[in-house]
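Below: the structure, in structure tokens.
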Amino acid sequence: MTLEKKNMAGRILLLLLCMNAVSFIVNAVPQTCPADLGGKCAEDDDWEGEGTSSKNPLAYKWYNAEEEILGKKMKDWLRFSVAFWHTFRGTGADPFGAPTKYWPWEDGTNSIAMAKRRMRANFEFINKLGVDRWCFHDRDIAPDGKTLEEANANLDEVVALAKELQGDKIRPLWGTAQLFMHPRYMHGGATSSEVGVYAYAAAQVKKAMEVTHYLGGENYVFWGGREGYQSLLNTDMERELDHLARFLEAAVAYKKKIGFNGTLLIEPKPQEPTKHQYDWDAATTANFLRKYGLLGEFKLNIECNHATLSGHSCHHDLETARINGLLGNIDANTGDPQIGWDTDQFMTDIGEATMVMLSVIRNGGLAPGGFNFDAKLRRESTDVEDLFIAHISGMDTLARGLRNAAKLIEDGSLVELVRKRYSSFDTEIGAEIEAGKADFEMLEKLAKEWGEPKVASAKQELAEMIFQSAL
């Protein structure tokens, strides 16, 4: 055996040892159902956690997939997904430093063989977590090629393995095309000033949509990281927006042509890497879809860290999407309030998770969307077990948020506070205003008749007290 083969065998053996050690810890936990979780507990043999008193970092404490909350199983409210790019392509590199993560299954190449080994690690990880969805960019799972034909052939070969490894249970929550890393996309894809790039981007999306459909994907995402501008001095913004709309129209047409029934999602982000991205936030994207007649064809994939970068809370963008009938999926992550860029951290704030879940419950769930962990380990976290710890923590955080949101809804105090605040509209004249039947002359007459209006307290502190009591 050559030295290279010995090294490769050693890496694979180390991977198996790491994964098996974590498997033992994650799976070999007492089958108990904690009494303090609220809601209906599943049968003992369905519970894969240790309960809220556990100190085991590799066991679920709040997430119980089969438990029913507000008439729906927890796994159906949350529909968790592993992001291939952060989990298996994240290296810990940043603009100031080299990679810090050297996973035992990696050999330092971007070969087809390496892509297949990485894909096997992905599905072993998914199975050990106990989730049944994953997400991917085309160029994350398979190497690019010197030509489009070669790139497509590479993707087909890796996707064939993914199809086999998925089995009957696992499916992509969504797939997408990576239209931001290659130099050809420096001006964007759908908004590039070069028609050749526009055509190449369309061909890449076409293929990515085909393989997402082939794998049984439930959604397809458009994230326009370079669909924007650095300066308006050299940009025809109107023409670029028109081109983007034509691109999305073509995607809708092709989706229907191939019989793909998944939801098309747009993921808003204000900037980074561009100075200004055209789908800045939920409201901007909703207006874009409305202007170009695409409202019925797309929904939004709201990423929490993107919402905060645009100056909103995650809850704000979720509610904006929801009330416009556009909430389709959530990229579950968060940012650091002291840092002004997209840090893609796992969500661990219970209050934020509770507000997120209030929107999800009001939306009736996210299906066929779900929660994708578009989150990465910190640069300094370099152990294989850190991948498990991060996902378990993120899943428990959202599960706890779901429990808290259900508690608030069942208690009813917060709902009643809001109802009372707007109760003056629960009158005959209020109904006429909301139905669009009250003109200015009528309202002027009433204003003179009623005199100076009395204005009630908004009770914000009480609302915050009620909310905090559920945490």
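What percent antiparallel are the DSSP beta bridges of the chain, to the nearest 5?
20 percent
Along the charge dipole of the range 273-373, Cβ charges K/R +1 and D/E -1, which of GLY340, CYS314, LEU300 sits furthest on the positive end?
LEU300
Per the helix-only calculation at 222 nm, which mean residue ellipticity applies to the chain, given -39500 (n - 2.57) for every DSSP H run of n ≥ 4 and division by its residues, nearest 500 deg cm²/dmol?
It comes out at -15000 deg cm²/dmol, rounded to the nearest 500.
Taking the Cβ-Cβ separation of THR52 and ASP411 as r and a Förster radius of 22 Å, what is the calculated FRET efficiency to the nearest 0.05?
0.65
Going by alpha carbons, how many degrees (0 to 90, nearest 10) lie between the helix axis of 314-323 and the longest principal axis of the chain?
Around 70 degrees separate the two axes.
Give the carbon-plus-sulfur fraction of the accessible surface of the range 414-470 in %, rounded to a whole number; probe 1.4 Å, heavy atoms of protein chains only.
About 57 percent, which is the carbon plus sulfur part of the accessible surface.
Round to the nearest 10 and give me the degree value, 0 to 90, for the angle of helix 237-257's Cα axis relative to the longest principal axis of the chain.
Approximately 70 degrees, to the nearest 10.
Express in nm, to one decimal, how much length is gained between GLU434 and ASP242 on full extension, taking 0.36 nm for each residue of separation and deducting their alpha carbon distance.
65.6 nm
Out of the range 69-165, which chymotrypsin sites (Phe, Trp or Tyr not before Pro) are coil in DSSP terms and have no more than 13 other C-beta atoms within 10 Å?
PHE96, TYR102
What whole-number value in Å² describes the accessible area per residue of the chain for a 1.4 Å probe?
Value returned for the chain: 48 Å² of accessible area per residue.
Per q in 0.23 Å⁻¹, report the Debye log10 I(q)/I(0) for the range 171-252, using one uniform scatterer on each alpha carbon and no solvent.
Log10 I(q)/I(0), no solvent term: -1.07.
What order do you get for 243-250, 388-395, 228-235 when each peptide is scored by the mean count of other beta carbon atoms within 10 Å, highest first?
Ranking, from highest mean packing down: 388-395, 243-250, 228-235.
If I model a spin label at LYS169 and ASN234 as a point 7 Å from the Cα along the Cα→Cβ vector, what separation in nanometres do I get?
5.3 nm
Give me the extension gain from ALA447 to GLU149: residue separation times 0.36 nm, minus the current Cα-Cα distance, reported in nm with one decimal.
Fully extending the segment from ALA447 to GLU149 adds 100.2 nm.
Counting only protein heavy atoms and a 1.4 Å probe, tell me what percentage of the range 69-411's accessible area is made up of carbon and sulfur.
52 percent
How much length, in nm to one decimal, is gained on full extension between ARG419 and ARG120, taken as 0.36 nm per residue of separation minus their Cα-Cα distance?
Net length gain for the segment: 102.4 nm.
When the C-alpha atoms of the range 278-324 are aligned to their principal axes, what extent does each axis show, in angstrom, from largest down?
The principal-axis extents, from largest down, are 28, 20, 13 Å.
Could you compute how much accessible surface LYS275 exposes when probed at 1.4 Å, giving the result in Å² to the nearest 10?
130 Å²
Compute the Kirkwood hydrodynamic radius of the range 414-470, taking the inverse of the mean of 1/r over all pairs of distinct Cα atoms, and give it in Å to one decimal.
For the range 414-470, inverting the mean 1/r across all distinct Cα pairs yields 13.4 Å.
Taking the range 364-403, which trypsin sites (Lys or Arg not before Pro) meet the DSSP loop condition and have no more than 16 other C-beta atoms within 10 Å?
ARG378, ARG379
How many percent of Cα pairs in the range 134-272 exceed 25 Å?
Tail of P(r) above 25 Å: 26 percent of Cα pairs.
How much FRET efficiency would the formula 1/(1 + (r/R0)^6) give for LYS275 and GLU68, where r is the Cβ-Cβ distance and R0 is 41 Å, rounded to 0.05?
Plugging the Cβ-Cβ distance into 1/(1 + (r/R0)^6) gives 0.30.
Near ASN324, within a Cβ-to-Cβ distance under 10 Å, what is the net charge of the other residues, with Lys and Arg +1 and Asp and Glu -1?
Taking every other residue near ASN324 into account, the sum is +2.
The values are calculated or read from the model by the stated rules, or taken from the named source; none is laboratory data. Note that the coordinates shown come from a computational prediction; the quantities given were computed from them, not determined experimentally. Ideal geometry is used to build each Cβ from the backbone, glycine not excepted, and the neighbour counts take in all protein chains shown. In case anyone asks, the SASA skips ligands and DNA or RNA and just uses the protein heavy atoms, side chains included. Shrake-Rupley method; radii C 1.70, N 1.55, O 1.52, S 1.80 Å.
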